[in-house]
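Trainee: The following block contains the structure, expressed as structure tokens.
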Amino acid sequence: PIETRQRAELLRAAMDRLPESQREVVHLHWFEERPFAEVAQIVGSTEGAVRVRAHRAYKKLKELLKEELA
């Protein structure tokens, strides 16, 4: 439980460092488990653009979390 809480805090901190547009896409896709097509409608963008934003966000999150855990 403590380790899970620490990981959640690290993830929250990393999410806060993302640009708002990327944070929104990650939240909708990953945490709310919405498909990219639905996320695109919600944010008023194309599905392709949403996929690019998500890819960049996940890549950045991976880098940020790697730094924190190193």
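The values are calculated or read from the model by the stated rules, or taken from the named source; none is laboratory data. Being a predicted model, the structure only gives us computed values, none of them experimental. Note: ideal-geometry Cβ built from the backbone for every residue, glycine included; neighbour counts use all protein chains shown. Side chains included, ligands, DNA and RNA excluded: accessible areas come from the protein's heavy atoms. Shrake-Rupley method; radii C 1.70, N 1.55, O 1.52, S 1.80 Å.
Trainee: Which pairs do you get when a residue that is touching a residue at least 12 places away in the same chain (Cβ under 8 Å) and on the phi < 0 side of the Ramachandran plot, found in the range 9-35, comes within reach of a residue that is aliphatic (A, V, I, L, M) and open to solvent by 50 Å² or more (accessible area, probe 1.4 Å), reach meaning Cβ atoms under 7 angstrom, with the pair 6+ apart or on two chains?
Mentor: The qualifying pairs are Leu28/Ile42.
Trainee: What is the residue count in the range 33-56 for residues that are open to solvent by 80 Å² or more (accessible area, probe 1.4 Å) and either part of a loop (DSSP other than H, G, I, E, B) or among the small types (Gly, Ala, Ser) (or both)?
Mentor: So the answer is 2.
Trainee: Does the range 6-20 contain at least one residue that is more than 16 Å from the chain's Cα centre (by Cα) and assigned to a helix (DSSP H, G or I)? Even if it seems obvious, please write down each step before you answer.
Mentor: So the first thing to find is which residues in the range 6-20 are more than 16 Å from the chain's Cα centre (by Cα), and the list is 6.
Okay, now just the ones that are also assigned to a helix (DSSP H, G or I), so 6.
There is at least one residue in the range 6-20 that is more than 16 Å from the chain's Cα centre (by Cα) and assigned to a helix (DSSP H, G or I).
Trainee: In a helix (DSSP H, G or I), open to solvent by 100 Å² or more (accessible area, probe 1.4 Å) and either modelled with pLDDT of 95 or more or of a type outside the set (D, E, K, R) (or both): which single residue out of Lys59, Lys66 fits that description?
Mentor: Details: Lys66 fails: either modelled with pLDDT of 95 or more or of a type outside the set (D, E, K, R) (or both).
Checking each option against the conditions leaves just Lys59.
Trainee: Check the range 48-56 and report whether any residue there is farther than 25 Å from Leu10 by Cα and modelled with pLDDT of 95 or more. Walk me through how you get there before you give the answer.
Mentor: Looking only at the range 48-56, we keep the residues that are farther than 25 Å from Leu10 by Cα, and these are 48-49.
When the remaining residues are screened for being modelled with pLDDT of 95 or more, the result is 48-49.
Yes.
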